[in-house]
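A.B. asks: Mind looking over this structure? Questions follow.
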Amino acid sequence: MPVRLSGFLHSALGNRTSLQLLRPALAPAATASHQLEGTGLPRGERRRLSAQMNKNSSNIMALAPNTSNKRETVCIFGTGDFGRALGQKMIQSGYPVVFGSRSPQTSNLIPKEAEVLSHTEAAQKAAIIIIAIQRQHYDFLTPLAEILRGKVLVDVSNNLKINQYPESNAEYLAQLVPGAKVVKAFNTVSAWALQSGTLDASRQVFVCGDDMEAKQMVMDIVRALGLTPLDQGSLLAAQEIENYPLQLFPMWKFPIFLSLGLTAFFFFYCLIRDVIYSYVYENKDYSFFIAISIPNRICPVVALILLALVYLPGVLAAIIQLYRGTKYSRFPDWLDKWMLCRKQLGLVALAFAFLHVFYTLIIPIRYYVRWRTEDGIISKALSNKTDPFNNTNGWLSDSYLALGILGFFFFVLLGITSLPSVSNSVNWREFRFVQSKLGYLTLILCTAHTLVYGGNRFLSPSSYRWYLPNAYMLSLIIPCIVLILKFVLIFPCLDRQLTQIRQGWERNPQYSEQSHYIINKSAV
Amino acid sequence: MPVRLSGFLHSALGNRTSLQLLRPALAPAATASHQLEGTGLPRGERRRLSAQMNKNSSNIMALAPNTSNKRETVCIFGTGDFGRALGQKMIQSGYPVVFGSRSPQTSNLIPKEAEVLSHTEAAQKAAIIIIAIQRQHYDFLTPLAEILRGKVLVDVSNNLKINQYPESNAEYLAQLVPGAKVVKAFNTVSAWALQSGTLDASRQVFVCGDDMEAKQMVMDIVRALGLTPLDQGSLLAAQEIENYPLQLFPMWKFPIFLSLGLTAFFFFYCLIRDVIYSYVYENKDYSFFIAISIPNRICPVVALILLALVYLPGVLAAIIQLYRGTKYSRFPDWLDKWMLCRKQLGLVALAFAFLHVFYTLIIPIRYYVRWRTEDGIISKALSNKTDPFNNTNGWLSDSYLALGILGFFFFVLLGITSLPSVSNSVNWREFRFVQSKLGYLTLILCTAHTLVYGGNRFLSPSSYRWYLPNAYMLSLIIPCIVLILKFVLIFPCLDRQLTQIRQGWERNPQYSEQSHYIINKSAV
Amino acid sequence: MPVRLSGFLHSALGNRTSLQLLRPALAPAATASHQLEGTGLPRGERRRLSAQMNKNSSNIMALAPNTSNKRETVCIFGTGDFGRALGQKMIQSGYPVVFGSRSPQTSNLIPKEAEVLSHTEAAQKAAIIIIAIQRQHYDFLTPLAEILRGKVLVDVSNNLKINQYPESNAEYLAQLVPGAKVVKAFNTVSAWALQSGTLDASRQVFVCGDDMEAKQMVMDIVRALGLTPLDQGSLLAAQEIENYPLQLFPMWKFPIFLSLGLTAFFFFYCLIRDVIYSYVYENKDYSFFIAISIPNRICPVVALILLALVYLPGVLAAIIQLYRGTKYSRFPDWLDKWMLCRKQLGLVALAFAFLHVFYTLIIPIRYYVRWRTEDGIISKALSNKTDPFNNTNGWLSDSYLALGILGFFFFVLLGITSLPSVSNSVNWREFRFVQSKLGYLTLILCTAHTLVYGGNRFLSPSSYRWYLPNAYMLSLIIPCIVLILKFVLIFPCLDRQLTQIRQGWERNPQYSEQSHYIINKSAV
């Protein structure tokens, strides 16, 4: 069909369109592909364009109109950086582009293939208008309301701060131009990415809007630009979409600050016990312990504490539910927040465990360790005495190493299942099995690893320098509390009651009734 | 548009809707965000709701009707735990909810914002009715057939066992209420997840149904609740969807049981050879070998056997195809099952290889190894003799370590490419290249690693205790068979024939014809 | 609804359909599941079919017509391997299939459930026609143009080479049969995968076409076959889709060849310095260094150079932009290509770093190292002298190990964030933070690791054998250049200007104007 009508459409669409299409078509093949390389498009998009261009160059009359048939003119209000970048990209994807500008004659940075008109003229040429200007200047649209009636307005704006305005920019736009169909899109893509496109970031474009058809039109453009549209529902989602690009790992902040705090604390703790104490009492300079020995004390300690903190809120929640006898009452605020960042806590713990493993594995390569071994052997050889093999030490040493390896193995397994693509491919039951059963197994193994490592040193007074116990002893407190509480909670009497409560049963329905009432009162 | 009509719609929708919308709107901002934290919504959903609430609080008249305009009333039949949890979540997302109950007056756990009516009354208020009751009680819907005509019925039920009933619950529902449009959805989400939502499991909701529009309506609700709808096609998919949440790693069972069986066998095998033999003949207590030495014999042996078992079925299939001269005949049942769990077999093998690597790397840290080294050096020093460097041993030692490292490297690469998101981003040719070429390279490297490790110990009689060879010798049997068979199969004459067969050629078309006939006869 | 009409539809659809549906229905359950195993369908699809079959066997009259109601007849032109495989699969999914063939009577390999007719007869029976023949034979369709008017033609063809023809096969088909709606699909799936289906490759089917409805129909079929349709837009995307399955890691070629080249160069470099030099001057045979010692020199060197090459193009691009004073001029071709494969360069570098880590960790297990240690200790013990502990060496040794571990840790972190599913779940700002900030941190740590490893050996003449410096000294050149340039670029004066340029500012708008003019001239 398109091919049949090509001749007619070709002339009907006029000079500009055909010119625009002929230009790449007549360029030599090398230039075509060169042009594409330069635009830094994603692999797929580049190939598609390359295909299109190569095709055009050999088969102009048949296919050029095909393109003109498909791509409707798009209007862009605003000739700033983002507007230009978007326009350039759209032209490359075969869209005729019209810019709407206050001063059409001075815009010399605009792609040559695009027309620059006044706002009114430009708006009349297209069904879709991209508003690539700052929110503060949206009010210039009010006089254009009649012309914009029924048009699709695409809000691409971002703010400088999260929740900067009470309503999202897109909703504000919808209020200003009530007759238009507002769609939020493209705000998660940067102008630099559109132009250079070489960083392999997310190609996802969140789209939301109240009008299904308008949204579909915008999603088609997104797809044509080589990006992936993601329908986020109605315009109510716009604020979330506008906040999205401003965030920097929001759920990671608490776990990372907590781990940094713990690291700093244990660093000074170990510094005092291992370096300063030796310097004061033995006058030995162990300052080089800062590089490996002390980090290798901090990492396992922080990893174990963080891992225990992943499972502590679940235990606390169960206790609260058992105490209240219902699941229909709210948890304290801090507990909710804590539960929401458990995955991140666990992954930070895994990072520390990873460091601990590699710090431990390079121990035999360290100069200090090699020197100490050598020194010990030579002095023994010279004094002509050998130690007999101690079977208990053999058992202790091998056990804590084996427990550590198994703990790390299950920890890595937990980390792999928390990858988005893996956790998406398991069902709820499987996910709970992995995260709960394997998680507790990991905690038990890591706690046992630390306990066996301690061996019988807990009672030895030489472990207490300046009355400070070894760091690993401190790290055992929280894990042991979590494991004991969990052990109590799986007693049949408590477990049965908890299961009932979680299935909706209430010990004292009155309590819940009342709490509902309280919530309602506080809300009204 | 929505804003313009807001005043009218506002009053038209009546008291209830506006009250429901005003309540969060009037709550202080802190309460709003607090409420959201407590509901344990996913990050995105929470932000969206927070945006909506904050917005409402500052701009009530403009936006509240916008919401009421968008969200249609949803009816829920059944006031059990899941119905209540779903209702609560829908109310939070801005849906007016009506519960249909046998005894509307006694349901005091139902969210206060929802109305509770009789089934008939409730059904008349909404176009979408969620059937949150057990399949056994579906027959109460038969008398309501007239009222439910043309309504969208959402079946959210699950069973207790896989394939519990001959037809899926959703199809049973469609038979009971033939005039309604049945959609299956939400059964993969747990009530606990909807309420607490803090576990980071899959947010995917499988949706299927015969009516496209009805399915679209349900998918919009799913999206509004912050979950990801996945269209699974027609209602025929319902049984699969109902079985999905009941499964616990179905494809992993055989590989895991197989590996546990092999582990147990080799554990006792090594126990006899290494611990009991030494105890009986040398009266030495090597029981601590159980912690590391024996696991580090078991892991590589099991990993190598499992890796060979990944490639054995492919070789067997090729032999069967060559023998039969056609690819259009069925493989034996066991071979099909085996081929389907090759990925899982490979990943379990990788887990064992991972453990082997870390068990090996901590060798120099073990007390036993350090003691043995020390003891050896001291006795040599005291007896004043030194071993000259043996170049062959240097080669053997370094070769088997290098082969092991390279084998592990390619094994990890295979594991990474089997991650869902990675395997989705390669094409068929690339996937086959990685899994077949790199897979065989891994098998060759790991087999060579074991062979070189053995070195010339194969012939030494001291390796055979109680006529039992070393475990690694046993582990070489299957890999060597696979590699020899594969080597024979890539001989040009066989390879050409196999390629032809796989492209559809048949040596003896009669054979296939006949087998078709047989299949047909047995089927009719 | 479907069930109500079942009786009528059942008879209306006639003998063939019911027969086709009854056959699996009457087969014993064992056969049904057996049949499915054999087809090697994906887990989901198998369960769905199994459900369907088991259901049919117990509930034939209700559900069989449901199926016949849903699945429209599909016609397949061509009885080659792919056509047969696709037909078989469609029949299993409940589609009535009609084959169109030149010689209908001789096609004995065609599934028995399918009818074989002449092209004209077959085309009349279905709305969708799958063209499973080679592009060279498409011209036989020209006489059928009238019959194919308005039909959906699915082009499933592939070529043997990338960009083999000037236009894609699908577009050629659309030109040949202008009245038909051409959809490109299924070309990324292999016939072998459809039949055996046991390899876990991508289930994604790229679909493109100009007619939305036709595309939707094809996507429904794709979904019914248990595959995942991906809408790629208009028929313009066909060439890309046809090139897709022919590619073998196109973006990986340059990084892999570069790394192989570097590996070969440094292998011979180290061979000369470490093996041949020793052999010539000391007459010692260190040939076994080839297994581990030399690879462990090559790997870190190549990894560090590749890592620096990831960040060099960004620095060069910034310099070019600063020099030109605009971002609107094109980068040189080689720079664009380089920037596009940075991710792959980084991952190859990570692979070399991974090998370096494991080569290093097994050092204490090597026979050569153990022998050397032993020999050294014994000779010291016999000569009765001990080295005092050297604090500087302790610091140097521990520092370079610690820097290496931290560098590897951040490198692995970078690798994890480049997994598709992880990079999809971060926003642009987060991605840039990780890839730029953490990337430079990794580069700094790894460069420092190498510098400290060198220690004061840079000045020692013994490091220069045959005037050749150590390999690690060579590896430091590029990283140091990159870090120095980057350090200069973050000077406030330059950084501010660069930021302005990247926000669209131009130092000399005339320049850009001119360059635009030049591009246009060369293009027209």
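A.B. asks: What tally of residues in region A:286-320 results from selecting those that are open to solvent by less than 30 Å² (accessible area, probe 1.4 Å) and either not in a helix (DSSP H, G or I) or not assigned by the TED database to the domain that holds A:ILE444 (or both)?
C.D. replies: 4
A.B. asks: Okay, next question. Going by the structure shown, is A:LEU406 under 30 Å from B:ASN159 (Cα atoms), assigned to a helix (DSSP H, G or I), at pLDDT 90 or above and not β-branched (Val, Ile, Thr)?
C.D. replies: no
A.B. asks: Looking at (1) free of Cβ contacts under 8 Å to residues at least 24 places away in the same chain; (2) within 11 Å of chain C (Cβ to nearest Cβ); (3) surrounded by 18 or more Cβ atoms within 10 Å (Cβ to Cβ), which is the only condition A:GLY415 fails?
C.D. replies: All conditions pass for A:GLY415, except number (1).
A.B. asks: Moving on to the next point. Mind listing whichever residues of region B:211-235 are free of Cβ contacts under 8 Å to residues at least 40 places away in the same chain and in a helix (DSSP H, G or I)?
C.D. replies: B:MET212, B:GLU213, B:LYS215, B:GLN216, B:MET219, B:ASP220, B:VAL222, B:ARG223
A.B. asks: Now, a different point. What are the residues in region C:450-467 that are closer than 17 Å to C:LEU483 by Cβ and in contact (Cβ under 8 Å) with a residue 60 or more places away in the chain, if any?
C.D. replies: Passing the criteria: only C:THR450.
A.B. asks: Residues in region C:287-309: is at least one touching a Gly at 6+ places or on another chain (Cβ under 6 Å), away from chain B (no Cβ under 14 Å) and over 30 Å from B:ASP398 (Cα atoms)?
C.D. replies: Taking region C:287-309 as the starting set, the residues that turn out to be touching a Gly at 6+ places or on another chain (Cβ under 6 Å) are C:288.
Next cut, away from chain B (no Cβ under 14 Å) only: none.
Checked region C:287-309: no residue is touching a Gly at 6+ places or on another chain (Cβ under 6 Å), away from chain B (no Cβ under 14 Å) and over 30 Å from B:ASP398 (Cα atoms).
A.B. asks: Same structure again: When you go through B:LEU227, B:LEU260, B:LEU271, B:LEU236 one by one, which is the residue that is over 25 Å from B:TYR165 (Cα atoms) and in the same structural domain as B:GLU171 (by the TED database)? If you could, list the steps in order and put the result at the bottom.
C.D. replies: Numbers: B:LEU260 fails: in the same structural domain as B:GLU171 (by the TED database); B:LEU271 fails: in the same structural domain as B:GLU171 (by the TED database); B:LEU236 fails: over 25 Å from B:TYR165 (Cα atoms).
When all the criteria are applied, what remains is B:LEU227.
So that you can scan it fast, the table gives a plain yes or no per residue for (1) without any contact (Cβ under 8 Å) to a residue 40 or more places away in the chain; (2) assigned to a helix (DSSP H, G or I):
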{"position": "B:LEU322", "(1), (2)": "no, yes"}
{"position": "B:SER329", "(1), (2)": "no, no"}
{"position": "B:LYS337", "(1), (2)": "no, yes"}
{"position": "B:PHE358", "(1), (2)": "yes, yes"}
{"position": "B:ARG372", "(1), (2)": "yes, yes"}
{"position": "B:ALA381", "(1), (2)": "yes, yes"}
{"position": "B:THR386", "(1), (2)": "yes, no"}
{"position": "B:ASP398", "(1), (2)": "yes, yes"}
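A.B. asks: For B:TRP252, which of the numbered conditions (1) within 10 Å of chain A (Cβ to nearest Cβ); (2) open to solvent by less than 30 Å² (accessible area, probe 1.4 Å); (3) in a helix (DSSP H, G or I) fails to hold?
C.D. replies: (2)
A.B. asks: Residues B:ALA237, B:ALA214, B:ALA264, B:ALA224: which one is closer than 30 Å to B:ALA471 by Cα and open to solvent by less than 60 Å² (accessible area, probe 1.4 Å)? It would help to see each step written out before you state the result.
C.D. replies: Details: B:ALA237 fails: closer than 30 Å to B:ALA471 by Cα; B:ALA214 fails: closer than 30 Å to B:ALA471 by Cα; B:ALA224 fails: closer than 30 Å to B:ALA471 by Cα.
Unique residue meeting the criteria: B:ALA264.
A.B. asks: Only residues that are facing chain A (nearest Cβ under 7 Å), crowded, with 19+ Cβ neighbours inside 10 Å and among the β-branched types (Val, Ile, Thr): list them for region B:334-387, please.
C.D. replies: B:ILE362, B:ILE377, B:ILE378, listed by residue number.
A.B. asks: Within region B:145-162, can one find any residue that is under 28 Å from B:PRO245 (Cα atoms), β-branched (Val, Ile, Thr) and surrounded by fewer than 19 Cβ atoms within 10 Å (Cβ to Cβ)?
C.D. replies: Yes, region B:145-162 contains at least one residue that is under 28 Å from B:PRO245 (Cα atoms), β-branched (Val, Ile, Thr) and surrounded by fewer than 19 Cβ atoms within 10 Å (Cβ to Cβ).
A.B. asks: Considering only residues of region C:267-277 that are in contact (Cβ under 8 Å) with a residue 12 or more places away in the chain and away from every other protein chain (no Cβ under 14 Å), which is most open to solvent (accessible area, probe 1.4 Å)? Steps first, answer last, please.
C.D. replies: Looking only at region C:267-277, we keep the residues that are in contact (Cβ under 8 Å) with a residue 12 or more places away in the chain, and these are C:267, C:269-275, C:277.
Next, from what is left, pick out any that are away from every other protein chain (no Cβ under 14 Å): C:269-273, C:277.
Details: C:TYR269: 27, C:CYS270: 4, C:LEU271: 32, C:ILE272: 64, C:ARG273: 11, C:TYR277: 46 Å².
Ranking the candidates gives C:ILE272 first.
A.B. asks: Name, by its number, the condition in (1) under 28 Å from B:GLU506 (Cβ atoms); (2) modelled with pLDDT of 90 or more; (3) part of a helix (DSSP H, G or I) that does not hold for C:LEU173.
C.D. replies: (1)
A.B. asks: Can I ask one more? For region C:443-476, what are the residues that are within 14 Å of chain A (Cβ to nearest Cβ) and either under 23 Å from C:ALA349 (Cα atoms) or in a loop (DSSP other than H, G, I, E, B) (or both)? Steps first, please.
C.D. replies: Going through region C:443-476, the residues within 14 Å of chain A (Cβ to nearest Cβ) turn out to be C:445, C:448-449, C:452-453, C:455.
Those that are within 14 Å of chain A (Cβ to nearest Cβ) and either under 23 Å from C:ALA349 (Cα atoms) or in a loop (DSSP other than H, G, I, E, B) (or both): C:LEU445, C:ALA448, C:HIS449, C:VAL452, C:TYR453.
A.B. asks: Quick one: count up the residues across region A:104-123 that are assigned to a helix (DSSP H, G or I) and either modelled with pLDDT of 80 or more or buried (at least 18 other Cβ atoms within 10 Å of the Cβ) (or both). Show your work before the answer.
C.D. replies: Taking region A:104-123 as the starting set, the residues that turn out to be assigned to a helix (DSSP H, G or I) are A:104-106, A:119-123.
If we keep only those that are either modelled with pLDDT of 80 or more or buried (at least 18 other Cβ atoms within 10 Å of the Cβ) (or both) as well, we get A:119-123.
Of the residues in region A:104-123, 5 are assigned to a helix (DSSP H, G or I) and either modelled with pLDDT of 80 or more or buried (at least 18 other Cβ atoms within 10 Å of the Cβ) (or both).
A.B. asks: Would region B:395-410 turn up any residue that is within 26 Å of C:PRO245 (Cα to Cα) and either in contact with a helix residue (DSSP H, G or I) (Cβ under 6 Å, 6 or more places away or on another chain) or outside the structural domain of B:LEU438 (by the TED database) (or both)? Show your work before the answer.
C.D. replies: Of all residues in region B:395-410, those within 26 Å of C:PRO245 (Cα to Cα) come to B:410.
With the extra rule that they be either in contact with a helix residue (DSSP H, G or I) (Cβ under 6 Å, 6 or more places away or on another chain) or outside the structural domain of B:LEU438 (by the TED database) (or both), the set shrinks to B:410.
Taking every residue of region B:395-410 in turn, at least one turns out to be within 26 Å of C:PRO245 (Cα to Cα) and either in contact with a helix residue (DSSP H, G or I) (Cβ under 6 Å, 6 or more places away or on another chain) or outside the structural domain of B:LEU438 (by the TED database) (or both).
The values are calculated or read from the model by the stated rules, or taken from the named source; none is laboratory data. Fair warning: this is a prediction, and the values are worked out from it, not measured in the lab. Cβ coordinates were reconstructed from backbone atoms using ideal geometry, including for glycine residues, and neighbour counts include every protein chain displayed. Only protein heavy atoms, including side chains, enter the accessible area calculation; ligands, DNA and RNA are left aside. Shrake-Rupley method; radii C 1.70, N 1.55, O 1.52, S 1.80 Å.
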